[in-house]
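First comes the structure, then the notes that go with it.
Every number here is computed from the coordinates shown, using simple stated rules; none is lab data. Predicted, not measured: the structure shown is a model, and the values here were computed from it. Cβ: placed from backbone, ideal geometry, glycine included. Neighbour counts: every protein chain shown.
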Amino acid sequence: MMADLRVTQVRSANGANPKQRAALRSLGLGPIGSACERPDEPTVRGALRVVEHLVRIER
């Protein structure tokens with residue numbers, strides 16, 4: 001299956017609330033600069049909406 005979204009963490013999770021940290025973990029992100037590919041699904045979109053200020057999203 002081909003992933004539709006490439007997600008890269010560009011800002012630190014320091015100071016983020018627990019919900020935002022959990023969303024980063026669920027996306028498979030950790031340190032700044034880490035990247036992952038995820039399918040374009042509603043659950044993934046919801047997690048991205050929570051941390052949109054910490055990540056860069058590419059199609």
Note down the nm distance, to one decimal, between modelled labels 7 Å out along Cα→Cβ at E52 and at Q20. 1.4 nm
The chain, helix-only ellipticity at 222 nm - DSSP H runs n ≥ 4, -39,500 (n - 2.57), divided by all residues, nearest 500: -9500 deg cm²/dmol
Rg ratio (alpha-carbon, reference 2.2 N^0.38 Å) - the chain: 1.01
Go through the stretch 35-41 residue by residue and turn each phi into a ³J(HN,Hα) via Karplus (6.51, -1.76, 1.60, θ = phi - 60°); whole Hz please, and just put x for glycine and proline. 9, 8, 10, 9, x, 7, 10
